[in-house]
Amino acid sequence: MQRREFITLLGGAVASPLAARAQNTPAGYPDRPITLIVPYAPGGGNDVLARAVADPMAKSLGQPLVIENRGGAGGSVGTRQVAKAPPDGYTLGLGGTGTLAIDPTLYPNAGYDPRKDFAPIGLIATSPLIVLVNQSVAAHNVQELIALAKAQPGKLNYASAGPGSGIHLGTVLFADTAAIDITHVPYKGTGPALADLLGGHVQIYFSSLPPAVGLVKDGRLRALGVTGLKRSASFPDVPTVAEQGLPGFEAVLHYGIVAPAGTPRPIVDKLNAALRAALGDPKVHDHIATEGAEPLPTSPEEYAADIDREETKWSALVKKSGATAK
């Protein structure tokens, strides 16, 4: 399918054989609770963002949004269940960079197509990573880190939260853009990776923002740059990587809400309006900001285009990294 066709059809939420099963929007929609599947365990960043918008969306819709955590296989298990759910507006899913842009390439049998199997509702937020180094590393900015890596090819180690994670692939993009050779040391999650970074067993870690705040503030780790195109409110004094010799560099994680393909457009529009209203609430905005993310309200079409761009970008990085999962 050509990109223009994908955006037109997916954005319109009708590009699927499931559309034939979709009925006209019930006059009373929603007339019962809506399930929002979060394809990860409770307590993580994805779960927090879903819960940040669920209650205010429920108030707009007049029915509860019930969070259901269905983790497994990097989020692909729960996402696959969303893709196969009836397109009636009562089963939604939290979509993200991991599930919609990385997993379809990382997992040989993810079981869904991010372009064909979902009706995008809208983005919730975007979140950059932050480049952290152990205090023993002789680099105080990104340019010095690049120079150090070029002087010692393959000698600097970087941690990740696992092969194929956004953290891993964001670092792959950085190394490729900077033309440096650094060695990957994968861990099973952020906690163990940060522990070894603190202990000096690895030198570099591209962290999500929330766990980095206290460690940087206390001087236990050094922050060199953030990977968004603009500085983060959580680290206003830390310049972007793009400001430090790599113009245009961006490695950010996106989060949004999707429905099964074939969901009637009036339902999509009603859900999108509820999501945008939630993101316009100052309390929700502040809550999201405390998680190191930035609210990013969009139309369904804009989210469809975002899914297309992100999958194209991150799938290429998966292939370049050689990461695979079963």
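The values are calculated or read from the model by the stated rules, or taken from the named source; none is laboratory data. All of these numbers come straight from a predicted model, not from anything done at the bench. Counting neighbours? That spans all protein chains shown, and the Cβs are built from the backbone with ideal geometry, glycine included. Protein only, heavy atoms only, side chains kept; ligands, DNA and RNA dropped before computing areas. Shrake-Rupley method; radii C 1.70, N 1.55, O 1.52, S 1.80 Å.
Some points to look at:
- His201 contributes about 120 Å² of solvent-accessible surface, heavy atoms of the protein only, 1.4 Å probe.
- Paramagnetic reach from Lys150 in the range 163-193 [backbone N under 20 Å; point 7 Å along Cα→Cβ]: 171-183
- When nucleic acids and ligands are ignored and a 1.4 Å probe is applied, Asp55 ends up with an accessible area of around 100 Å².
- Put simply, the amide H of Phe118, placed in the peptide plane, has neighbours under 5 Å in Ala261, leaving out anything fewer than 5 places away on its chain.
- Ranked from largest to smallest solvent-accessible area, with a 1.4 Å probe on the protein heavy atoms, His184, His254, His287 come out as His287, His184, His254.
- For the residue pairs Lys84/Lys230; Lys150/Lys319; Lys230/Lys313; Lys116/Lys319, the C-alpha atoms sit more than 28 angstrom apart in Lys84/Lys230.
- Across Leu145, Leu253, the residue with the most accessible area heads the list, and the full order at a 1.4 Å probe is Leu253, Leu145.
- Theoretical FRET efficiency, 1/(1+(r/R0)^6), r = Cβ-Cβ of Lys59 and Lys188, R0 41 Å, to 0.05: 0.60
- Given a 1.4 Å probe and the protein chains as shown, Asp113 ends up with an accessible area of around 50 Å².
- Candidates per trypsin sites (Lys or Arg not before Pro) in the range 30-87, loop by DSSP, up to 13 other Cβ within 10 Å: Lys84
- Cα→Cβ-extended label distance, 7 Å offset, between Lys217 and Lys283, nm: 2.3
- Around the Cα centre of the chain, unit charges on the Cβ atoms of Lys, Arg, Asp and Glu (plus for the first two, minus for the last two) sum to a dipole of about 440 debye.
- Residues Thr324, Thr177, sorted by accessible area with the largest first, give Thr324, Thr177 [1.4 Å probe; ligands and nucleic acids excluded].
- Set of aspartates and glutamates near Lys217 by C-alpha distance (under 20 Å), chain-local residues within fewer than 8 positions excluded: Asp196, Asp237, Glu291
- Summed side-chain charge close to Gly166 - residues other than Gly166 whose Cβ falls under 12 Å, Lys, Arg +1, Asp, Glu -1: -1
- Between Arg265 and Arg51, residue separation times 0.36 nm minus the direct Cα-Cα distance comes to 74.6 nm.
- Listed by chain and number, the lysines whose alpha-carbon sits under 23 Å from that of Lys59, ignoring those within fewer than 8 places in the same chain, are Lys270, Lys283.
- To the nearest ten degrees, helix 45-61 and the longest principal axis of the Cα atoms of the chain are 30 degrees apart.
- Reach of Lys155 by Cα under 14 Å, taken over aspartates and glutamates that are not fewer than 8 positions away in the same chain: Asp181
- Sum of -39500 (n - 2.57) over DSSP H runs of 4+, divided by residues of the chain (222 nm, nearest 500): -11500 deg cm²/dmol
- Per-residue 3J(HN,Hα) values for the range 302-308, derived from phi via the Karplus relation 6.51 cos²θ - 1.76 cosθ + 1.60 with θ = phi - 60°, read 5, 5, 4, 5, 5, 4, 4 Hz in sequence order (x marks Gly and Pro).
- You can think of it this way: the chain between Lys230 and Arg32 has 67.2 nm of extra reach, that is 0.36 nm per residue less the Cα-Cα gap.
- Cut-off under 5 Å, modelled amide H: who pairs with Gly225 long-range: Val131
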